[in-house]
Every structure is written in structure tokens, then in C-alpha cells.
1. In whole Hz, with x marking every Gly and Pro, tabulate ³J(HN,Hα) for the stretch 4-19 from phi via Karplus 6.51 cos²θ - 1.76 cosθ + 1.60, θ = phi - 60°.
2. Considering only the other residues whose Cβ falls under 14 Å of the Cβ of L40, what net charge follows from Lys and Arg at +1 and Asp and Glu at -1?
3. Is there a quick way to get the dipole size of the stretch 11-80? I mean about its Cα centre, with the Cβ of Lys and Arg at +1 and of Asp and Glu at -1; what is the value in debye to the nearest 20?
4. Hey, what number do you get for the chain at 222 nm if only DSSP H runs of n ≥ 4 count, each worth -39500 (n - 2.57), divided across all residues, to the nearest 500?
5. Which percent of the accessible area of the chain is formed by carbon and sulfur heavy atoms (probe 1.4 angstrom)?
6. Pick from L130, L114, L190 the residue whose mean-square fluctuation is largest in a GNM of the chain, springs joining Cα atoms under 10 Å.
7. Leaving out same-chain residues fewer than 8 places away, which lysines sit with a Cα under 22 Å from that of K232?
8. Rounded to a whole number of µm²/s, how large is the Stokes-Einstein D of the stretch 46-119 at 37 °C and 0.692 mPa s, given Rh as the Kirkwood radius over C-alpha pairs?
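The values are calculated or read from the model by the stated rules, or taken from the named source; none is laboratory data. This one's a predicted model, so the numbers in the text were calculated from it and none came from an experiment. Glycine also receives a Cβ, built like all others from the backbone with ideal geometry; neighbour counts cover every protein chain displayed. Side chains are part of the model used for accessible areas, which takes the heavy atoms of the whole protein and leaves out ligands, DNA and RNA. Shrake-Rupley method; radii C 1.70, N 1.55, O 1.52, S 1.80 Å.
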Amino acid sequence: MTAVTALAEYAPRYRVEIGEPTGSEWLRVDRILEPGSPELTELLKRDDEASSHRTAHANALSMISFYAGRAPAAALLLWALEGHVLDIRPQNLWVRPHDGHGIAAVAVRSADFLPGGLETLYDVVLRQHLLPLSEELHRRTRAGLRQVYGGVAAGCAMGFCAATREEVTVEPAYLLERWQTFAAKAPGGLARLGDVEVAAGKLVYLRNTCCLYYTSEAANGTLCGSCCLTPKPTRRTAYEAGRPILTT
């Protein structure tokens with residue numbers, strides 16, 4: 001089993017298929033990033049149908065959190081565990097939309113690793129991928145760029161948090177250190193947009209931006225567990241008590 005295929009042991013969301021996929025349902029990421037792309041329109045449409053967002057910018061904030069929590073988060077987890085930077089450059093990456101929120105499957109052309117360390121990781125995950133996607137969502141929906149980046153930060157954090165919640169777990173203190181290393185100089189100011197902490201023996205994420213989930217019909221006014229509209233002490237208490245939380 002390769003390091004890439006082993007990612008699925010931590011959670012199904014981190015399963016990465018190897019090889020160029022076939023079928024019209026697969027979207028190549030470099031096309032999603034093109035201005036005005038119908039592929040991005042399709043992703044937004046599916047997320048809106050799942051939650052019935054009241055505004056286009058709430059739709060964008062929801063979509064980016066779920067999206068960032070798949071292929072980019074899987075690459076971050078692999079870097080945290082193995083020190084390898086998976087080649088998820090947009091031209092080498094495909095996603096298959098879920099019927100509801102986010103991404104159902106992810107594929108890479110081959111399980112190749114790129115030379116270099118943290119700067120290479122920043123390049124393939126953020127500069128070439130999530131930050132341009134954020135800017136396009138900002139342009140399309142007028143969602144605040146800081147809020148969109150907040151969704152990016154939340155999705156990326158799940159690559160570290162989820163690995164402490166599944167049957168195959170990693171020591172929280174180790175992954176916390178890896179997150180802090182990643183976030184410290186991450187483009188987009190991700191370090192300021194939320195905090196990863198240990199609660200009840202697991203890593204949790206406390207957002208500093210709001211995803212507007214509570215405004216959707218699906219939420220019916222309910223705040224997500226990491227929402228910045230809830231005071232941090234209250235969120236920490238809920239996490240420590242092991243109460244169910246909404247994650248990306």
C-alpha cells in the first residue's frame with residue numbers, strides 16, 4: 001500500500017484515486033479555475049441545492065469549505081505524516097462532485113511527489129489552487145475575500161483534525177505542531193483566520209470567520225460548532241464535552 005492510498009485509513013474523505021479518470025462527471029481542476037467556468041458553476045449549484053442558501057456569497061463560503069476539505073486537505077495530511085508533497089497541481093487533479101455538498105471523489109494523474117518542502121506545499125495547495133479559486137468566488141458572488149479565505153483555512157485544518165478522530169489516529173500534539181508550522185507563513189493569512197486546539201484528546205478548529213451556514217434553509221438558524229458567532233470559551237466547552245459538531 002502506498003502512502004497515498006493509505007490516506008483512506010484516516011477517513012473516506014482522504015481516499016485518492018490514481019490515474020486519469022474517465023466519464024463526464026469528473027471535472028479537471030484547472031478548468032474549474034478558469035474565469036466564468038461552467039465547472040465552478042456546477043459545484044456552486046450542487047451546494048446550493050443541498051442547503052438552499054439565501055445568498056450567493058453564503059453559497060460560495062459553504063462550497064469552498066467543503067471543497068478545501070477534500071483533495072487539498074488530503075495533500076496536507078500526507079505532508080504532515082510523511083513529509084511528501086503530492087502533485088495536486090490543477091492540471092494533474094480531478095474531482096467528482098457529490099450529489100449534495102462538496103466532492104465525492106478525487107483522482108490524480110499519478111502518485112508523484114514534488115521536490116521541495118513547505119514552499120512547494122504552499123504553491124500547489126494555495127497559490128496555484130485554493131487562493132485563485134477564492135478570488136474567482138469573490139469575483140462571482142461578492143463574498144468577502146477574508147471570509148472565503150476563512151473557508152480555505154477551515155477546510156485545510158480538517159486535514160489535521162480528522163486524523164485524530166478516526167480509528168487510525170495520530171498523536172494530536174504532533175499534528176498540532178505540523179498545523180502550526182503550515183499555518184505560520186501560509187499565504188492568505190490563514191494563521192489569523194482560526195485556531196487548531198486540543199479538546200477531549202482530539203484536534204478541533206475554532207473559526208474566526210463566519211461561513212453563514214446558519215442562514216441556509218438546511219441549517220434552520222443553527223450555528224455550526226466552530227462558528228465565530230459563538231464565544232470561544234463556549235465552543236471549547238462543547239468540544240470538551242464531546243458534543244456533535246458540524247465539520248466541513
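1. My calculation for the stretch 4-19 gives 5, 5, 5, 4, 5, 5, 7, 4, x, 4, 9, 5, 10, 7, 9, x Hz in order.
2. -2
3. Working: 8 positive and 10 negative charges, 53 e Å.
Using Cβ point charges on Lys, Arg, Asp and Glu, the stretch 11-80 gives about 260 debye.
4. Per the formula, -12000 deg cm²/dmol.
5. Reported share for carbon and sulfur atoms: 49 percent.
6. Among L130, L114, L190, the largest GNM mean-square fluctuation belongs to L114.
7. K202
8. 242 µm²/s
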